[in-house]
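Please read the structure below before turning to the comments.
The values are calculated or read from the model by the stated rules, or taken from the named source; none is laboratory data. Because the structure is a prediction, the values reported are computed rather than measured. Neighbour counts run over all protein chains shown; Cβ positions are idealised from the backbone, glycine included. Quick note on the areas: whole protein, heavy atoms, side chains included, nothing else; ligands and nucleic acids left out. Shrake-Rupley method; radii C 1.70, N 1.55, O 1.52, S 1.80 Å.
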Amino acid sequence: MTVEDRTPVADERVQAAAPSGAPDEEGSSAADLVLPLVAVGAAVVVAGYTYVRRTRRARTRTTPGGTPASPAAPPPLAELDEQARVLLVAADDSVRTSREELGFVEARFGQSEMEPSVLAVRDAEAELAAAFRMRQQYDDGVPEEAAARQHALAGIVGRCEEAGRRLDEAAAGVDQLRGLEQGAGDALGLAETRFRALTGRTQAVDALLTGPTARYGSAAVGAVTGYVEQAKDRLVFATLRLNQARQAADLAAHDRAALHLRAAEGAIAQAAVFLHGVERLDTELSGAAALLPAALTGAEAELARLRNSGTETPVGELRARILHADNVLAFVRDEVAGAAPYDPLDALRRIVRAVAPLAAEPTTGVLGAAAALVGRASVAGADEFVATHRGAVGATARTRLAEAARLLTADPVAADALAVAARELAEQDVRVHGNPVAGAAEHESGGAGAVLGGILLDGGAAASFGGPRGRGRRA
């Protein structure tokens, strides 16, 4: 596990429902992506009921005086819904922050020393993945009954609280292993080394972006436009905090040095995410451009197969879908043959969305490879954005992203649509949130970006390993 490893954890990749708001541009029925409602609803209700039953059992135990405690009335649905949203965001932030800190711990101590904390993070990730899955089903209207929906929300709350508990239990071990409050010398030296490496890499990545922009146009690199500048902003903040940590360490003010060091580590981790995002997109654009000719040929072969074989699909519907796919392929061919720059990833996405629903085996062959490439690119891009703007991104965007990551292997077409929706929702959250700090000094020092990135919490605490209750324990 390294600082730059942003691959989402894939837990229980199985077929599941796409969100009701996900794009369906190619005319495929939404029912193709939805599990039987009875089975899915039952799973949500059981998970929620288990948590509620456990809670009620705890509340109704006999008090020391022998009088049974009165069961508390369940909160209103709207209140429980908001609580679930808040806890999803807090648990997701805690998992992300804990993973980032473990990247620095691993570099210093190796994997063997980290095993208990790594297992705690994995357990928390599993609980969080289940909570996001339940939230996705809830957003899709499953279950429908009010009482069952309340149980589902209670289950989400319970899963998020359990994820935080797992991380908080392991936090003391991480603190003891690092020993920052007794002296941050070695850890500080490691952070400074990574900082210098990223600073030197920034200029190379900035130059790297020039190539794909010229070849494929500004729209093709729009997803990472400004990433180098944001990486520099995080590094400015890291510079300030590393200097403060070094000064505090020289004065033997170890608690203060640890606070500044953790803030610097968070900024360094996010700077690496920004730079990796640019490098990743450059590789994916080249891969998409190389795959496009074969994808066009494979798509044409699928359409020819449909024209020459019998099918139970109504003739009129089949003809309309084939005609639409033909038009998409013709447009992409013109783009590829033309002199103007074009976005190969977007072209590949249009081919996949038009033809994959008609293909006999959409997850194999060249169309399967194209769908996988597009899906991975969308999920990675959305995850990078959420990771570096987590101070403003809400529960809905994170839920769509988690579902996209879950579906990536089984249904990359659906995963791509969900990831695109997640990125759009996250960007909207950031626009609504605005600048978290208004002062010019905070922007010059990178403080505004640190707040937006969730590196600094309310009250000035630096986010660190642990659950929502413990990760800001050092103010």
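Could you say which residue among 174, 236, 205 is open to solvent by less than 30 Å² (accessible area, probe 1.4 Å), in contact (Cβ under 8 Å) with a residue 40 or more places away in the chain and farther than 22 Å from residue 94 by Cα? Explain how you work it out, then say what you get.
On the way: 174 fails: farther than 22 Å from residue 94 by Cα; 236 fails: open to solvent by less than 30 Å² (accessible area, probe 1.4 Å).
On inspection, the qualifying residue turns out to be 205.
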Number of the condition not met by residue 325 [criteria: (1) more than 29 Å from residue 129 (Cβ to Cβ); (2) in contact with a strand residue (DSSP E or B) (Cβ under 9 Å, 6 or more places away or on another chain)]: (2)
From the options 229, 162, 181, residue that is in contact (Cβ under 8 Å) with a residue 40 or more places away in the chain and in a helix (DSSP H, G or I): 181
Neighbours by Cβ (under 9 Å, 6+ apart or cross-chain): first from region 255-276, without any contact (Cβ under 8 Å) to a residue 40 or more places away in the chain; second surrounded by 24 or more Cβ atoms within 10 Å (Cβ to Cβ) and in a helix (DSSP H, G or I): 256/245
Any pair with Cβ under 9 angstrom, 6 or more apart, that starts in region 428-451 at a residue that is under 21 Å from residue 382 (Cβ atoms) and open to solvent by less than 50 Å² (accessible area, probe 1.4 Å) and ends at one that is at pLDDT 60 or above and basic (Lys, Arg): 449/234
Residues of region 351-366 satisfying the condition of being farther than 20 Å from residue 406 by Cα, assigned to a helix (DSSP H, G or I) and open to solvent by 10 Å² or more (accessible area, probe 1.4 Å): 358, 365, 366
Any hit, region 369-391, residues being closer than 30 Å to residue 86 by Cα, of a type outside the set (D, E, K, R) and either modelled with pLDDT under 95 or assigned to a loop (DSSP other than H, G, I, E, B) (or both): yes
Filter result (under 17 Å from residue 277 (Cα atoms), among the aliphatic types (A, V, I, L, M) and open to solvent by 20 Å² or more (accessible area, probe 1.4 Å)) within region 377-427: 380, 420
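Would you point out which residue out of 130, 146 is modelled with pLDDT of 95 or more and among the hydrophobic types (A, V, I, L, M, F, W, C)?
Working: 146 fails: modelled with pLDDT of 95 or more.
Checking each option against the conditions leaves just 130.
Applying the selection to region 184-226, what residues are outside any helix (DSSP H, G or I) and at pLDDT 95 or above? Give the steps one after another, and end with the answer.
Within region 184-226, the first condition is being outside any helix (DSSP H, G or I), and the residues that meet it are 184, 209, 217, 225-226.
Selection gives 217, 225, 226.
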